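Reviewing the structure listed below.
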Amino acid sequence: MGRYFGTDGVRGLANGDLTPELALAVAGAAARVLIGHDPSHRPLAVIGRDPRASGEMLEAAVVAGMASAGADVLRVGVLPTPAIAFLTADFGADLGVVLSASHNPMPDNGIKLFARGGHKLPDDIETEIETLVDAGPPTGRPIGAAIGRVHDAEDAAQRYIAHLLAAVPTRLDGVRVVVDCAHGAASAVAPETYRRAGATVIAVAAEPDGININDGVGSTHIDVLAKRVVAEGADLGIAHDGDADRCLAVDADGDIIDGDQILGLGAVALRDSGQLRDDTIVATVMSNLGLHHGMRDAGISVVTTAVGDRYVLEELRARGLSLGGEQSGHVIFTDAATTGDGLLTALNVMAYMASSGKSLAELASVVRRLPQVLVNVRVADRGRACESPAVTAAVAQASAELGDDGRILLRPSGTEQLVRVMVEAATFQHADEIAQRVADIVAVS
């Protein structure tokens, strides 16, 4: 059986790996799985996309696949991934479909599915869909009135904006922000939402043409935003990626505020307002040790998971917690969202600034990031290299040397014969020295 779903849906080079035929097959299979679970129910699917050119082609294929299998389709147009998750719940739909490759270059695209309520599709349902895709085109398709109908949701964007505004704890009057929309899915809704919340907004990279998404802008090119924030004399900058499920920030001096710092300042704000359940947050093993130290000093516990926002979300739901995230800027506020939402995160950051009267730099200082060095080591067998006695001994020696002022983490790549050696220490020089020393031993193991 083919394995089409990765950790974040089906993704690949549009019209190369991800063809219209595959998109049609995945969409039709998804609809048939839903119908098979309840034959008496006619499913409804919400479909949205980011602005990359291939999305137009793939949307047509997904719509056809859904309707031909007997599902009704509600097109919501170009909107962020978290908007599709919200609208899936808001419209009472059985399935949400997002066509986006997030921060990837324009030639790529992807298909991400949400279950009823806007939650990630369970693994067993993904497996059922893959089985049907491999089985080929179905026989006995619906005909006549049983074919799905297709409609456009003209009020989709306004529904999402209203949801975001209702979740903001305070007005943003007096906050001056530069927002980099990456020429992506948030290009229209992010500036409008921030303005309606009270902020003075300077929008950049907010003119998508289908080709320019993520092209030298957005959260993967945050240096562009940093320079603009300083030039404009703004209080902060917000950087989104192509589908706006993440958010990084820049303070008034142009210094980058990463996902760990956003998570830390959000944790303290929620704790102070009595909304941080169990005084605990969820982060990943790659979160900076400075986050752990800052939360320890603030009396907040940190639960760690494997890398990936899906694992953070699973832990949040399992424990009933209210906040979690990744260094990359995927931050999940479970009281208002079922997935990472860059706009919701940005609104909360600005609200904390407005209500406290503090600068972003002051708020973010709760997390003092330790210098971090990451070395990728190519090996013949990543599993054997990590379990080598020589490597185990080298890691133990490094851990003892670092003590409480640093840490070392070895992580095999999930897709390549690579071992990632990550070291954090009080100084960059010390971190680099240890990382290189251990990497040399990994390379010959």
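Being modelled with pLDDT of 95 or more, acidic (Asp, Glu) and farther than 17 Å from residue 343 by Cα is a description that does not apply to residue 258.
Across region 104-136, what is the number of residues that are surrounded by 13 or more Cβ atoms within 10 Å (Cβ to Cβ) and assigned to a loop (DSSP other than H, G, I, E, B)? Adding up the residues that qualify gives 9. Entry remark, region 353-393: residues being open to solvent by 80 Å² or more (accessible area, probe 1.4 Å) and within 28 Å of the chain's Cα centre (by Cα) number 8 in total.
When you check residue 362 against the structure, is it of a type in the set (Asp, Glu) and farther than 30 Å from residue 164 by Cα, yes or no?
For residue 362, the condition - of a type in the set (Asp, Glu) and farther than 30 Å from residue 164 by Cα - is not met.
Here residue 250 fits the description: at pLDDT 95 or above, in a strand (DSSP E or B) and closer than 26 Å to residue 428 by Cβ. Within region 157-178, the only residue that satisfies the criterion of being of a type in the set (Ser, Thr, Tyr) and open to solvent by 40 Å² or more (accessible area, probe 1.4 Å) is 170. Summed over region 128-165, the residues that are touching a residue at least 12 places away in the same chain (Cβ under 8 Å) and polar (S, T, N, Q) give a count of 1. Going residue by residue through region 429-443, is there one that turns out to be among the aliphatic types (A, V, I, L, M) and either in contact with a Ser or Thr (Cβ under 7 Å, 6 or more places away or on another chain) or within 30 Å of residue 273 (Cα to Cα) (or both)? No, because not a single residue in region 429-443 is among the aliphatic types (A, V, I, L, M) and either in contact with a Ser or Thr (Cβ under 7 Å, 6 or more places away or on another chain) or within 30 Å of residue 273 (Cα to Cα) (or both). When the residues of region 113-132 are filtered to those that are within 17 Å of residue 311 (Cβ to Cβ) and acidic (Asp, Glu), the one that is modelled with the highest pLDDT is 126.
When region 333-347 is limited to residues that are β-branched (Val, Ile, Thr) and open to solvent by 10 Å² or more (accessible area, probe 1.4 Å), the one that is nearest to residue 103 (Cα to Cα) turns out to be 339. Scanning region 193-230 for residues that are of a type in the set (D, E, K, R) and surrounded by 16 or more Cβ atoms within 10 Å (Cβ to Cβ) returns a single hit, 228.
Selection of region 195-217 for residues being touching a Leu at 6+ places or on another chain (Cβ under 7 Å) and not aliphatic (A, V, I, L, M) yields 196, 198. When each of 270, 263 is tested for being in a helix (DSSP H, G or I) and open to solvent by less than 10 Å² (accessible area, probe 1.4 Å), the lone residue that passes is 263.
Which residue out of 252, 239, 231, 267 is at negative phi, without any contact (Cβ under 8 Å) to a residue 40 or more places away in the chain and not β-branched (Val, Ile, Thr)?
Going through 252, 239, 231, 267 in turn, the sole match is 231.
The values are calculated or read from the model by the stated rules, or taken from the named source; none is laboratory data. All figures in this text were calculated on a predicted structure; none of them were measured in a lab. FYI the Cβ positions are ideal-geometry reconstructions off the backbone, even for glycines, and counts take in every protein chain you see. SASA here: full protein model, heavy atoms, side chains in, ligands and nucleic acids out. Shrake-Rupley method; radii C 1.70, N 1.55, O 1.52, S 1.80 Å.
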